[in-house]
Amino acid sequence: MQKLAVNAATLVATARARITEIETQEAIALLGDPDVVIVDIRDPRERERTGFIPGSVHAPRGMVEFWVDPESPYFKPVFGQAGKRFVFHCASGWRSALTVATLQDMGFEAAHLREGFSAWVAAGGPVEGV
């Protein structure tokens, strides 16, 4: 097997060093704020199996860049709302860190839930769909 120039853990660490990370308790406190949009990038099967944050928007990881780009035929208006604070999450914070770093490169401001949905559940954050 070919050795990678950069491993996944390094990519995540590099992303985390340059993006905004939100701790679990802060994210729970943001729930219900009309100026905050929580975006779940997990696979649909993960959401079905473990539930989701109430009111969260689902944007599968493979489509996020296209859904936030107003010039893309896949653009979703939820991402064009002015004055909103977007907080992305996955299960453990790795995928969302990479996602937010990419979105930041595109010029889309966002943050991510540092330890992901699993920490949300462990901290007693509300969950729907289970």
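The values are calculated or read from the model by the stated rules, or taken from the named source; none is laboratory data. Keep in mind the model is a prediction, meaning the values are calculated, not measured. No Cβ is skipped: glycine too gets one built from the backbone with ideal geometry, and neighbour counts run over all protein chains shown.
Some observations on this one:
- Meets criteria (without any contact (Cβ under 8 Å) to a residue 24 or more places away in the chain and in contact with a strand residue (DSSP E or B) (Cβ under 6 Å, 6 or more places away or on another chain)) for V57: yes
- Identity of the residue in the stretch 101-118, among the small types (G, A, S) and either without any contact (Cβ under 8 Å) to a residue 12 or more places away in the chain or part of a strand (DSSP E or B) (or both), that ends up surrounded by the fewest Cβ atoms within 10 Å (Cβ to Cβ): G107
- Those residues of the stretch 81-95 which are hydrophobic (A, V, I, L, M, F, W, C), in a loop (DSSP other than H, G, I, E, B) and within 16 Å of V36 (Cα to Cα), in sequence order: A82
Residue-wise test of (1) buried (at least 16 other Cβ atoms within 10 Å of the Cβ); (2) at pLDDT 95 or above.
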| residue | (1), (2) |
| --- | --- |
| K3 | no, no |
| A15 | yes, yes |
| D33 | no, yes |
| S56 | yes, yes |
| R61 | yes, yes |
| D69 | yes, yes |
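- Taking (1) among the aliphatic types (A, V, I, L, M); (2) out of contact with any strand residue (DSSP E or B) (no Cβ under 7 Å at 6 or more places or on another chain); (3) surrounded by fewer than 20 Cβ atoms within 10 Å (Cβ to Cβ); (4) not in a loop (DSSP other than H, G, I, E, B) in turn, L98 satisfies each apart from (3).
- Residue pairs whose Cβ atoms lie under 8 Å apart, sitting 6 or more positions apart in sequence or on different chains, and linking a residue in the stretch 60-80 that is farther than 14 Å from V39 by Cα to a partner that is assigned to a loop (DSSP other than H, G, I, E, B) and of a type in the set (F, W, Y), are F66/Y74; F66/F75; D69/F75.
- Qualifying residue in the stretch 43-65 (condition: of a type in the set (A, V, I, L, M), closer than 27 Å to N7 by Cβ and part of a helix (DSSP H, G or I)): yes
- Set side by side, the residues V87, V121 differ, and just one is of a type in the set (A, V, I, L, M), surrounded by 20 or more Cβ atoms within 10 Å (Cβ to Cβ) and in contact with a helix residue (DSSP H, G or I) (Cβ under 9 Å, 6 or more places away or on another chain), which is V87.
- Residue list for the stretch 81-100, restricted to those being touching a residue at least 40 places away in the same chain (Cβ under 8 Å) and more than 15 Å from the chain's Cα centre (by Cα): Q81, G83
- Just one of the listed residues (V12, V39) is in a strand (DSSP E or B) and either touching a residue at least 40 places away in the same chain (Cβ under 8 Å) or farther than 19 Å from G129 by Cα (or both), and it is V39.
- Residues of the stretch 18-34 that turn out to be part of a loop (DSSP other than H, G, I, E, B) and more than 23 Å from A101 (Cβ to Cβ), as a count: 4
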